[in-house]
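Shown next, in structure tokens, is the structure this report addresses.
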Amino acid sequence: MAKKKTESTTVEEAVYVLEKDKKNPEPVEKKTDLSQNLVTQTEDFFENPKNRNVVFIGLGVVALLIAGFFGFNYYKRTQNVEAQSLMSPAVFLYEADSLKKALNGGGANEGLQTIAEDYSLTDAGNLADFYVGAAHLKEGRFDEAIEFLKKFKSNDLLVQARAYCLIGDAYLEKDELSDAIRYYKLASEYKANKFTTPPYLMKLALAQEKNKDLEAAIATYEKIISEYSDSMEGQQAAKKHKARLEGLTRK
């Protein structure tokens with residue numbers, strides 16, 4: 001009897017396992033079916049000529065973009081080297097105050113204006129904008145000076161602030177005082193330091209005084225005295241001009 005009971009129990013266990021398997025099939029089979037479906041769908045997708053064309057066009061566009069990026073960077077580097085070699089004699093002429101030759105060139109030498117226009121995408125062409133603008137300012141062509149100096153962009157501590165100051169000078173010459181003040185402020189605030197900031201603040205204060213804003217000018221002089229007391233401007237000019245303006249405001 002015990003043997004029959006054991007056999008019956010074994011049969012019951014087998015039936016229970018089979019029923020359980022029916023209710024909870026192995027996940028591996030599901031994964032296999034899912035993979036097969038994905039493969040089938042992918043094959044169906046690529047069997048459609050339109051879908052194949054879309055994929056190939058997309059891959060082609062990506063390849064062209066990558067090639068274009070590297071090609072443009074290579075072109076830009078070679079153009080920059082070429083522009084730098086052309087700039088050397090033009091900058092020498094600029095420093096020697098041969099401004100017309102520096103701007104327009106002559107003989108085998110390219111002028112700064114041509115370099116600025118033909119190599120505008122390069123660092124050298126960007127620097128040429130600065131020189132061209134500065135040369136126009138010296139020659140009294142203030143609108144041209146402003147145009148080229150505004151094109152110039154740099155992270156350099158000195159040159160970008162200098163460009164802002166020169167734009168302010170050009171506006172001051174045009175008697176456009178609000179714009180002059182704005183650019184003198186930009187010059188004085190750009191990476192402020194004890195060497196270049198005090199003279200730019202002096203220009204700002206003088207423009208503010210010319211614009212009849214004496215309170216603003218006094219505040220600017222006070223800033224020079226308090227923050228840049230070791231500078232020549234802080235020790236002498238700012239104190240003198242501040243006292244003068246304070247005398248005017250008391251009248």
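Summary table
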item: For region 185-198, Karplus couplings with θ = phi - 60° (6.51, -1.76, 1.60), whole Hz, Gly/Pro x; result: 5, 4, 5, 6, 8, 6, 6, 3, 8, 6, 8, 9, 5, x
item: Neighbour cut-off at most 15 other Cβ (10 Å), DSSP loop, chymotrypsin sites (Phe, Trp or Tyr not before Pro), region 149-251; result: F195
item: Distant-in-sequence amide H partners of G105 (H built 1.01 Å from N, under 5 Å); result: G111, L112
item: In Hz, Karplus ³J(HN,Hα) per residue of region 172-179 (6.51, -1.76, 1.60; θ = phi - 60°; x = Gly, Pro); result: 5, 5, 7, 6, 9, 5, 4, 5
item: Compactness of region 81-166, expressed as Rg and Dmax over alpha-carbon positions, Å; result: 11.7, 35
item: Ranked H136, H241, criterion: other C-beta atoms within 10 Å, fewest first; result: H241, H136
item: Residue pairs, from the table K138/K194; K191/K242; K185/K242; K153/K174; K212/K240, whose Cα atoms sit over 20 Å apart; result: K138/K194; K191/K242; K153/K174
item: Neighbour-count order for S120, S231, S85, S188, fewest beta carbons within 10 angstrom listed first; result: S85, S120, S231, S188
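FYI, it's all coordinate maths here, none of it is from the lab. Every value quoted in this text rests on a predicted model; they were computed, and no experiment measured them. Neighbour counts run over all protein chains shown; Cβ positions are idealised from the backbone, glycine included.
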